[in-house]
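Peer 1: What follows is a single structure, and I will ask about it in a moment.
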Amino acid sequence: MIQTDMPTYAPPPGADRLGRIRVVPGIAVSASGRSCHLFLAHDPLEWREDHPTVSRDMLGIAAGLGLTPSWQSSRHFVRRAYLAEGRVFLDYGHEHLVLQGQVDGAWYTLAAASGYIRLSVALDARLDEGTDSPTVLAAARDSGRLWSGITTTRVAAPRRVG
């Protein structure tokens, strides 16, 4: 693993950038049991995008969530993940927006029961549409371009229609 010198803060990206970010849920099994993970990765670059812009956006999300570079020890942080109706919502530090992703029933149930989620954010865009999440995660970790941490969860009250 390479430890890179990089800024520790960037502003959180706005609504125009969130559609390019994939929220990939997963469940890991270890000797200590099962745990929920969320991996955030940027889609492959389009003609109007460049690496510095994507890296700044992803760093803005990682910093807003309170994550740290993966070579440092993970810590709990203040931002919380909210669970509601098969979705996870992340407060990533933007004044008016949250990042969200769809999750399946098993993931949702485990995240609600355990009360925490492990988060990872790759600072670089995926190379192409065919690159799977484990490959992107491993490449980001090996290059020192992965930020991670742990957040608590809260199940949001269902909305009343009325």
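Peer 1: Name the single residue that is nearest to the chain's Cα centre (by Cα) among those in the range 97-137 being closer than 15 Å to H42 by Cα and polar (S, T, N, Q).
Peer 2: Top of the filtered list is S120.
Peer 1: OK, next. Quick one: would you say Y108 is in a strand (DSSP E or B), out of contact with any Asp or Glu (no Cβ under 6 Å at 6 or more places or on another chain), modelled with pLDDT of 90 or more and under 21 Å from I27 (Cβ atoms)?
Peer 2: Considered against the rule, which asks whether it is in a strand (DSSP E or B), out of contact with any Asp or Glu (no Cβ under 6 Å at 6 or more places or on another chain), modelled with pLDDT of 90 or more and under 21 Å from I27 (Cβ atoms), Y108 comes out as no.
Peer 1: Moving on to the next point. Would you check which residues across the range 15-38 are under 24 Å from E95 (Cβ atoms) and either surrounded by 17 or more Cβ atoms within 10 Å (Cβ to Cβ) or without any contact (Cβ under 8 Å) to a residue 12 or more places away in the chain (or both) and list them? Full working, then the answer.
Peer 2: The initial filter retains those residues of the range 15-38 that are under 24 Å from E95 (Cβ atoms), namely 15-23, 38.
Listed by number, the residues that qualify are D16, R17, L18, G19, R20, I21, V23, L38.
Peer 1: Could you list, in sequence order, the residues of the range 39-90 that are buried (at least 18 other Cβ atoms within 10 Å of the Cβ), touching a helix residue (DSSP H, G or I) at 6+ places or on another chain (Cβ under 9 Å) and in a loop (DSSP other than H, G, I, E, B)?
Peer 2: Of everything in the range 39-90, those that are buried (at least 18 other Cβ atoms within 10 Å of the Cβ), touching a helix residue (DSSP H, G or I) at 6+ places or on another chain (Cβ under 9 Å) and in a loop (DSSP other than H, G, I, E, B) turn out to be L67, S70.
The values are calculated or read from the model by the stated rules, or taken from the named source; none is laboratory data. Quantities reported herein were computed from a predicted structural model and do not represent experimental measurements. So basically every Cβ, Gly included, is an ideal-geometry build from the backbone, and we count neighbours across all protein chains shown.
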